[in-house]
Structure formats: C-alpha cells, structure tokens
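Colleague: Below you'll find the structure I mean.
The values are calculated or read from the model by the stated rules, or taken from the named source; none is laboratory data. As the structure is a prediction and not an experimental result, all values here were calculated from the model. Glycine also receives a Cβ, built like all others from the backbone with ideal geometry; neighbour counts cover every protein chain displayed. The area values use the complete protein model at the heavy-atom level, side chains included, leaving out ligands, DNA and RNA. Shrake-Rupley method; radii C 1.70, N 1.55, O 1.52, S 1.80 Å.
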There are 2 protein chains.
Amino acid sequence: MAARRDVLVVLCDEHKPPGMGRVESLVEVRYADRNDLAAALQGADALFVWDFFSAALREAWPAADRLRWIHIASAGVDRLLFPQLVDSPVVVTNSRGVFDRPIAEYVLGLVLAVAKDLPSTLALQHERVWRHRESRLIEGRRALVVGTGSIGRAIGRLLRATGMEVSAVGRAARDADPDLGTIHAAGDLHELLPTADYVVIAAPLTESTRGWFDSAAFAAMRADAWLVNIGRGPIVVEPDLIQALRAGRLAGAALDVFAEEPLPPHHPFWGMANVIVSPHMSGDVVGWHDALADLFLDNLTRWLAGQSLDNQVDKSAGYVPSR
Amino acid sequence: MAARRDVLVVLCDEHKPPGMGRVESLVEVRYADRNDLAAALQGADALFVWDFFSAALREAWPAADRLRWIHIASAGVDRLLFPQLVDSPVVVTNSRGVFDRPIAEYVLGLVLAVAKDLPSTLALQHERVWRHRESRLIEGRRALVVGTGSIGRAIGRLLRATGMEVSAVGRAARDADPDLGTIHAAGDLHELLPTADYVVIAAPLTESTRGWFDSAAFAAMRADAWLVNIGRGPIVVEPDLIQALRAGRLAGAALDVFAEEPLPPHHPFWGMANVIVSPHMSGDVVGWHDALADLFLDNLTRWLAGQSLDNQVDKSAGYVPSR
C-alpha cells in the first residue's frame, strides 16, 4: 500500500491557479470554494488560499483537524486572520514580493497623474476643450511613505529614483535607510504629515493601523497635499476623509482600496472631483497569477522537503517582519 | 549727452515677462505686440520673443535695421525661423534647458498612465463602475526616444532611472550614451520602431523631421506600442496617424502637440478612445515664466558684457547643437 500523500486544499472559485499540474504531481489536491471549504479541510495538511478576498476559513475552521500550513496569494493577511488561527500552531505564509514593483509603479503613476493634472486633461478632452494649464514638478517634492514593508520599500526606491525626497513612517525609527531615507517612528506621524506633498499609505491592516488616518491626521496634512492609499481601506476613516476633502484640508486622494470592496455605487468617493477611485488593482499586472502560483510552488517544494518556509507571517503582528 | 543705450524689443501680449525691472535698468525696453512689432524694431538692437507662438517677426523683418540678437522663450525655434533670418548675421538663442525636466516627467506620467490604464479607470469612475483590470509593468519595457537634444536626454535619463530600457534615434549613431543608451542614426528609424513599446518624439521641427512619422513609420510600430509626441505636431502626418490608429497598427497615441494649435474642436483626435490629447503643456510647470525670464536675463548680461551667448541656435539646422 502506498504511503499517504499530503493533502492540499485550494480555496478558489471556478478559476483555478495556473500550473496546478505540477502541484498535483506532488500532493493530493482538493479544490474547494467558499461553500464546501469545511468538508474539504477534513484531513487536509495544507491550504492554499487563492481566493484571497474570502474570509471563509473562519467559519470552516472547526473542520481543520490536521492543518499545518496556510499560504495566501496576497500580501495582506488581514482578511485571513482570526483569533483561533493566530493562537494555533498553523504556519501562515503570504505572497510578499510579488506586488512590490507593480504597486510602486502604480503609485508613481498616480503621483505623476496628480502633478501633471492628467484627470483634468482627460475631462477637458472629453469636452473638446483646449485649456492650457501649468503643472507641477515631482523632482524635489516630498513623499511620506507610511509602512516600511517590502511594498513601502519598493515605493521608496522608485520615487527616490525619480528625484523625489522620500521619508517614511515605520515601527522603528532609522536613519539613512537605503530605500526610504529617514524612517520615523509611527508615533511621529502627525509631526511628519505637514512636511509631505504626497502621503502614501503602504501599511498592512492591523489593529494598530485600523483607523489611523482620521480627522486629526487629515488636519495635519497640507492643503496642497495628496493622499495615496494602496494599503487597505480601513486604515483610513472614510467619513473623516470625505469631510476633510470637502473642507479643503488636503488637496485630493487617490484610493485603490476601500472599507467596502467593490466600492458601492452610491459611495461619495465616485463623484468627488478631487478623488481618484481605482478598483484594488495597483499590484495586479499581466502575469501576476503566474507569479503567485510560482511563489506557492516554491514554498510547497520547501514544505515537502521539510525546509523552512519563505514569507512566514507573524500572526500576532499581522505581517511578515522585515528581514 | 548720455551714451545711447541698447534698445530691446519685447514681443509679448498684455502679459509682460516677470522681473522686467532689472532688464529695464540695463537697456531701453520697448514692449510690442504682433501688430506694432515692425514700428518697434526700427533702431532696435535686440529682440526678446516672449510671445513664442507668434510668427510676427517674418512680416516685420524689413523694419529690423540694426538687430543683432534674438532670444526666444521656447525650446523650439520652428515658428521663429524664416530664410532671411537664417541668412542674416543676427544671432538667435533659445531657452534650452528650462523644459527638460518638466517634459521628461510629463512623458513618464503619460507612459505610466498608459501602462496602468488610468484613462479607463477615470472613465469607469465617472460611470461608478468597479471593474478590476490587469495593468502592465514599465520595468524592462523599451522606450525609443526620437531626438537627442537636451529634452530627449532628460527623457532618457528619467525613463532609465525607473527601470525602462531606453534607446534613441539621433543625427549621429553612438554607443553607450550615458543618458540614452545606444543612439542610432536617423536613417535606422524604421528598423528600430518594431523594438519599442513606447516611441517618444522629442525632436525639433526641421525640414528633416517634418512628416517623418507617416504611414510607413506607423506600419513599422508594434500593434501594442504607444506613440508619445511632445516635440512638434508637424513631425507627425496626422491623417496617417488617424488611419493607423483606426486600423490597430499601433495601440494608441498621447499627443501634446499638433499641426494646428489649439486643436480645432472638430478634430478626430479629441474623440478617439486610444488618443490622449493635452494642450501643449508638457513643459510648462509652475514657475516656468520665472525660469524663462531668468535665463534671458543671464544671456542679456552676457550680451551687454560682450561675452558669448548661451544656447546659440544653429539657424540652418534649426536647433542648438549638442555640446
């Protein structure tokens, strides 16, 4: 009788991850959607969360009788974690790295779109109106990157490469960081906000960052500054942001993430002239599915060989600690 | 009796250049608009063309009885030059340098807007539609910069700093240029076009470049490539571009300059989904008027001291030769 093969559950909708043939040659694979996850988890050793916006695991958790490892096809783990999982010995790994460069480029694109007044240009084109305007340089302008994980670092590197002045806010202060310049402690955020032309939220959603950007934070920003959020929606108190934008406390906001996604059709953000709404796409470039699947296969190979896994999440903190 | 002061004509509309107090302390200044230019030029030693879109000089030329120097507040001199001026001993200087960094940033902004599909994002926002899409990386993508003057060089430097692969087309081939990588000879354009994801026209309008981008050039481009033109409109044969865009021979065009400016309201470009129209603003950042006036004052000081002028235009070629 053959030895029992490890059992992997892949949580996905009708679209399976690419390249599963190789995975199926290594382990027994059960595909499950949100509804049949509990049944699939019985006797399963590992879980690959491909449908990374799903919070189905919490409900199915009692069925996970021998689960040892969960890998998620996203950078943020906020939707995945819940107290029983945090307290359990189950190892969680994420897809740190895959989104770094795509998101950094997306942020630079937003910063330049704002500086060059591209939204107005496109709106005027729609009306066939030729209206010359003066735009702004980004060279020498100050960006404050909030979050010093691998995505924040990639943003810092790229913005610095274009001649912007970058500083950052992270857990621990540090001078002369190669990617981010001076890193300030999280507690200094409100002192730093007035220095920034562009404030970029690239932090994970944790209990420490939830609601961090509230009316007090927006009051500290400059009236000509823009907020860019590619982190997670609940880091921003949306009603406070709407009020601050309407009061002119900051110039505008480019938002890729929201408290509720998809952003509901009636939400005020859609119609605000100084808000750019994008549908949580900043990290998703052509080929991202392949990159996510490759990263999982690498970790699966390590796991089967008994090696230590890449991108292990500190479940209490809610992110992968910086190396 | 006091010595005769040099006479400077400033060609402008109702908006004079900033900082003219200093200039007026150095020379006798006559302000003229397009209509009274001829009268003002009689007995004038120098001309500062602040209204740089004006072609009024050609008509007023017979009145220029002692003109020795013309300075223009633009980079391109195509609207200024005409055969009698080219053949005359009058020295022409331009505003090379002022627009380099602003235009480079503008081009990067357009490239990122295209790669990240920002025009669609803004259009979908207008309709309150959440539609996730995959975007493209610019890292490793190839930009072909057409024109190796100071603007083309600034574009090359900035695009390379963001991780793009840059090559260029200029008058003379050259390997390993620090700004532009490999510079290919102008005659090789059609061989290079198929290699480029983004083709950026940053050339001056001369008899050599007029109509350079025609149906044959567009046929050589890749179907997924974009054209960016921040040079001069007539370098592109617009009917050919419209036909090529409609036929899908290239993916799109971001145009800041046109054969006729302002672009007429009935022009097809306004309404084409794969065209971005902007109103000849790529170089015009907040403070540009001051920068142009400062640059003129520097040259005026040199001129009065009998020193050699900066930014001397090769009138036969139609641009300032690279240093």
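Colleague: Looking for something on the phi < 0 side of the Ramachandran plot, among the basic types (Lys, Arg) and out of contact with any Asp or Glu (no Cβ under 6 Å at 6 or more places or on another chain) - is there at least one such residue anywhere in region B:168-176?
Modeller: yes
Colleague: Follow-up. From the set of residues in region A:105-152 that are assigned to a loop (DSSP other than H, G, I, E, B) and in contact (Cβ under 8 Å) with a residue 40 or more places away in the chain, which is nearest to the other protein chains (Cβ to nearest Cβ)?
Modeller: Looking at residues that are assigned to a loop (DSSP other than H, G, I, E, B) and in contact (Cβ under 8 Å) with a residue 40 or more places away in the chain, I get A:Arg141.
Colleague: If B:Glu261 meets every condition in (1) farther than 23 Å from B:Ile155 by Cα; (2) crowded, with 19+ Cβ neighbours inside 10 Å; (3) within 14 Å of chain A (Cβ to nearest Cβ) apart from one, which number is that one?
Modeller: (2)
Colleague: Return the residues of region B:275-296 that are more than 17 Å from B:Gly76 (Cα to Cα) and open to solvent by 40 Å² or more (accessible area, probe 1.4 Å); say none if nothing qualifies.
Modeller: B:Val286, B:Asp290, B:Asp294, listed by residue number.
Residues are listed down the side, and each one gets a yes or a no for (1) under 14 Å from the mean Cα position of the chain (by Cα); (2) part of a helix (DSSP H, G or I):
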| residue | (1), (2) |
| --- | --- |
| A:Gly231 | yes, no |
| A:Glu261 | yes, no |
| A:Ala273 | no, no |
| A:Ala293 | no, yes |
| A:Gly306 | no, no |
| A:Ser316 | no, no |
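Colleague: Among the residues of region B:275-291, how many are in contact (Cβ under 8 Å) with a residue 12 or more places away in the chain and over 15 Å from the mean Cα position of the chain (by Cα)?
Modeller: Adding up the residues that qualify gives 6.
Colleague: Here are some residues: B:Ala223, B:Ala173, B:Ala217. Which one is in contact with a His (Cβ under 7 Å, 6 or more places away or on another chain), more than 14 Å from chain A (Cβ to nearest Cβ) and open to solvent by 60 Å² or more (accessible area, probe 1.4 Å)?
Modeller: The match here is B:Ala173.
Colleague: Additional query: Any idea which of (1) in contact with an Asp or Glu (Cβ under 8 Å, 6 or more places away or on another chain); (2) closer than 17 Å to B:Leu295 by Cα; (3) at pLDDT 95 or above is the one B:Ala38 doesn't satisfy?
Modeller: Only one criterion is unmet by B:Ala38, namely (2).
Colleague: Of the residues A:Leu57, A:Leu41, which single one is more than 12 Å from chain B (Cβ to nearest Cβ), in contact (Cβ under 8 Å) with a residue 12 or more places away in the chain and closer than 25 Å to A:Pro234 by Cβ?
Modeller: Of A:Leu57, A:Leu41, the one residue that is more than 12 Å from chain B (Cβ to nearest Cβ), in contact (Cβ under 8 Å) with a residue 12 or more places away in the chain and closer than 25 Å to A:Pro234 by Cβ is A:Leu57.
Colleague: A further question on this structure: Please verify whether B:Leu180 is within 14 Å of chain A (Cβ to nearest Cβ), touching a strand residue (DSSP E or B) at 6+ places or on another chain (Cβ under 7 Å), of a type in the set (A, V, I, L, M) and open to solvent by less than 10 Å² (accessible area, probe 1.4 Å), treating the condition exactly as stated.
Modeller: Working: within 14 Å of chain A (Cβ to nearest Cβ): no; touching a strand residue (DSSP E or B) at 6+ places or on another chain (Cβ under 7 Å): yes; of a type in the set (A, V, I, L, M): yes; open to solvent by less than 10 Å² (accessible area, probe 1.4 Å): yes.
So B:Leu180 fails the test.
Colleague: Scan region B:191-198 and tell me whether some residue there is in contact with a strand residue (DSSP E or B) (Cβ under 7 Å, 6 or more places away or on another chain), open to solvent by 40 Å² or more (accessible area, probe 1.4 Å) and in contact (Cβ under 8 Å) with a residue 40 or more places away in the chain.
Modeller: Checked region B:191-198: at least one residue is in contact with a strand residue (DSSP E or B) (Cβ under 7 Å, 6 or more places away or on another chain), open to solvent by 40 Å² or more (accessible area, probe 1.4 Å) and in contact (Cβ under 8 Å) with a residue 40 or more places away in the chain.
Colleague: Quick test of your reading of the structure: B:Ala247 fulfils all but one of (1) touching a residue at least 60 places away in the same chain (Cβ under 8 Å); (2) hydrophobic (A, V, I, L, M, F, W, C); (3) surrounded by fewer than 18 Cβ atoms within 10 Å (Cβ to Cβ). Name the failing condition by number.
Modeller: Tallying (1) touching a residue at least 60 places away in the same chain (Cβ under 8 Å); (2) hydrophobic (A, V, I, L, M, F, W, C); (3) surrounded by fewer than 18 Cβ atoms within 10 Å (Cβ to Cβ), B:Ala247 fails exactly one: (1).
Colleague: Related question: Mind checking whether some residue in region A:101-113 is of a type in the set (Phe, Trp, Tyr), within 18 Å of the chain's Cα centre (by Cα) and over 27 Å from A:Leu159 (Cα atoms)?
Modeller: Scanning region A:101-113 turns up no residue that is of a type in the set (Phe, Trp, Tyr), within 18 Å of the chain's Cα centre (by Cα) and over 27 Å from A:Leu159 (Cα atoms).
Colleague: Which one of the conditions (1) under 24 Å from B:His15 (Cβ atoms); (2) surrounded by fewer than 21 Cβ atoms within 10 Å (Cβ to Cβ) does B:Ala123 fail to meet, given that it meets all the rest?
Modeller: Result: B:Ala123 fails condition (1) only.
Colleague: A further question follows. Residue by residue through region A:154-179, note down the ones that are at pLDDT below 95 and part of a loop (DSSP other than H, G, I, E, B).
Modeller: A:Arg171, A:Ala172, A:Ala173, A:Pro178, A:Asp179
Colleague: May I ask you to verify whether A:Leu309 is open to solvent by less than 10 Å² (accessible area, probe 1.4 Å), in contact (Cβ under 8 Å) with a residue 40 or more places away in the chain and under 27 Å from A:Arg4 (Cβ atoms)?
Modeller: The answer is no for A:Leu309.
Colleague: Can I ask one more? Can you name the residue in region B:192-229 that is over 17 Å from B:Glu165 (Cα atoms) and among the charged types (D, E, K, R) and is also nearest to the chain's Cα centre (by Cα) among such residues?
Modeller: B:Arg210
Colleague: Let me confirm something: among A:Val275, A:Val237, A:Val285, which residue is closer than 23 Å to A:Arg142 by Cβ and touching a strand residue (DSSP E or B) at 6+ places or on another chain (Cβ under 7 Å)?
Modeller: Answer to the check: A:Val275.
Colleague: Among the listed residues B:Ala63, B:Ala46, B:Ala104, B:Ala55, identify the single one that is in contact with a His (Cβ under 8 Å, 6 or more places away or on another chain) and among the small types (Gly, Ala, Ser).
Modeller: Sole residue among the options that is in contact with a His (Cβ under 8 Å, 6 or more places away or on another chain) and among the small types (Gly, Ala, Ser): B:Ala46.
Colleague: Another one. Mind listing whichever residues of region A:228-256 are within 12 Å of chain B (Cβ to nearest Cβ) and either touching a helix residue (DSSP H, G or I) at 6+ places or on another chain (Cβ under 6 Å) or over 24 Å from A:Ala154 (Cβ atoms) (or both)? Full working, then the answer.
Modeller: Narrowing region A:228-256 to residues within 12 Å of chain B (Cβ to nearest Cβ): A:230, A:254-256.
Selection gives A:Ile230, A:Ala254.
Colleague: So which residues in region B:192-245 are touching a Ser or Thr at 6+ places or on another chain (Cβ under 6 Å) and within 27 Å of B:Ser322 (Cβ to Cβ), if there are any at all?
Modeller: Across region B:192-245, the qualifying residues are B:Ala203, B:Ile230, B:Ile235.
Residue-wise test of (1) free of Cβ contacts under 8 Å to residues at least 60 places away in the same chain; (2) farther than 24 Å from B:Leu297 by Cα; (3) within 14 Å of chain A (Cβ to nearest Cβ).
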residue: B:Ile72; (1), (2), (3): yes, no, no
residue: B:Val77; (1), (2), (3): no, no, no
residue: B:Pro83; (1), (2), (3): yes, yes, no
residue: B:Val92; (1), (2), (3): no, no, no
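Colleague: In this structure, does B:Arg210 turn out to be under 26 Å from B:Pro102 (Cβ atoms), touching a residue at least 12 places away in the same chain (Cβ under 8 Å), surrounded by fewer than 18 Cβ atoms within 10 Å (Cβ to Cβ) and of a type outside the set (Gly, Ala, Ser)?
Modeller: yes
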